Amino acid sequence: MLAQAATPAMTPRQQQLLAAAESSSPVYAAWRERYAVLIAVEPKLQRAVLYTRCAKPGGERLLDPNYRAYAETVGGAYRRYLQDSGPASAMASTTKLWAADQLTEAEYQRSLRWLTSANTLPLRNVRDVGTILSQYLENSVDVSSGQLNLAVLLAMKDTLAKAGQLGPVVKAFAQVDAAKAALFESLPTELPLKDEQIQQWYEVATWLDKAGNTVQLAYWFAVPQESIDAMAEDVFEERVNQGLQALQAYQRKGPVEDSDVHTLNDEQKLGRKIAYYFGDLASDEIAQVSVDAHNWMSKQAQAYIDKHRAVMCSSPRR
């Protein structure tokens with residue numbers, strides 16, 4: 001049976017651990033902001049542009065400085081809204097909240113120390129750079145156009161470079177293809193790009209689309225085994241990964257009513273439990289959180305478009 005719906009909220013214990021995990025290293029804290037805007041929020045903002053009959057952005061829309069400014073300004077504001085709104089923030093973090101609940105007090109304290117200690121920062125840098133590379137590869141194709149998402153690749157390089165963490169990724173690239181590694185390292189990330197530079201970025205992205213798994217193996221192969229073993233101290237990360245896999249298994253199965261729960265395997269049952277962490281998603285309490293967030297974002301997007309219509313609607317389509 002589904003739990004009775006409750007207004008989404010985090011406990012102080014959960015909040016402390018999530019805050020530590022989301023800023024486990026400077027490079028990951030910077031990446032999370034850009035990743036959230038470019039991957040999670042921007043598709044919703046694109047729809048707002050289409051609804052207003054402004055310029056219809058194509059696959060390279062995020063390489064247009066005017067559209068990029070819109071996405072980062074409104075998307076960044078929406079992300080801060082989600083963080084500041086307790087219910088919305090909790091709704092966006094159900095897997096992590098579930099994972100935090102699974103930890104004993106000793107495990108909780110161990111993960112918290114690992115995520116905040118200066119002694120483990122080098123290890124967190126290594127893990128987080130690997131995570132960033134993985135997250136790019138998982139989102140390398142723009143869902144709305146089916147084209148390779150150059151904007152996310154540029155954001156990855158720019159984030160790593162500014163944090164002083166580009167070297168290990170370039171080294172992993174070079175283990176697979178030295179020429180592509182050199183090209184990746186040489187290309188600019190500042191917008192606007194010249195047509196020739198866009199084509200060169202596509203060359204790198206196309207290669208990564210095929211060689212991504214090999215590149216990831218090369219990255220982790222260069223990490224000493226003792227460092228990998230030490231990362232296991234963060235039990236929270238292990239539980240989060242377990243929860244994400246279970247949730248994905250349930251989502252692939254599709255919504256399942258109480259009467260059909262017996263058709264699910266153990267992993268799918270766990271995924272359903274996480275999906276309904278706050279109770280029935282169709283309840284008024286839960287649905288209103290999503291409605292309020294959507295309405296807030298829509299108003300911000302419309303206001304930005306109205307203010308900047310002259311430049312946004314005259315931008316050439318790609």
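The values are calculated or read from the model by the stated rules, or taken from the named source; none is laboratory data. These numbers come from a predicted model, not from an experiment. Remember, those area values only see protein heavy atoms, side chains included, never the ligands or the DNA or RNA. Shrake-Rupley method; radii C 1.70, N 1.55, O 1.52, S 1.80 Å.
General observations
- Computed accessible area, I228, all protein chains, 1.4 angstrom probe, square angstrom: 60
- Whole-Hz couplings from phi, Karplus 6.51/-1.76/1.60, listed for the range 89-104; x for Gly and Pro: 5, 5, 4, 7, 10, 4, 5, 5, 5, 4, 4, 4, 5, 7, 7, 5
- Surface exposure of the chain, expressed per residue as accessible area with a 1.4 Å probe, stands at 51 Å².
- Under 5 Å, built H, 5+ apart or other chain: amide partners of V256: none
- [x] 82, 52, 51; [y] 57, 52, 38; [z] 103, 32, 30, with the label sought being that of the calculated Cα extents along the principal axes in Å: [y]
- Rolling a 1.4 Å probe over the protein heavy atoms of the chain, with every protein chain left in place, gives an accessible area that is 51 percent carbon and sulfur.
- Pairs over the 29 Å Cα-Cα cut-off, from the set K44/K307; K157/K194; K96/K307: K96/K307.
- Computed extension gain for Q109 through Q248, at 0.36 nm per residue and net of the alpha carbon distance, reaches 47.2 nm.
- Value at 222 nm in deg cm²/dmol, rounded to 500, when DSSP H runs of n ≥ 4 in the chain each add -39,500 (n - 2.57): -22000 deg cm²/dmol
- Ranked order, S186, S24, S145, S227 - accessible area, probe 1.4 Å, largest first: S186, S145, S227, S24
- Taken over the Cα atoms of the range 22-156, the convex hull encloses 124 Å³ per residue.
- Between amide H atoms placed 1.01 Å from N, distances below 5 Å from L148 occur with D142, all of them 5 or more places distant or on a separate chain.
- For the range 145-151, Karplus couplings with θ = phi - 60° (6.51, -1.76, 1.60), whole Hz, Gly/Pro x: 10, x, 8, 5, 8, 5, 4
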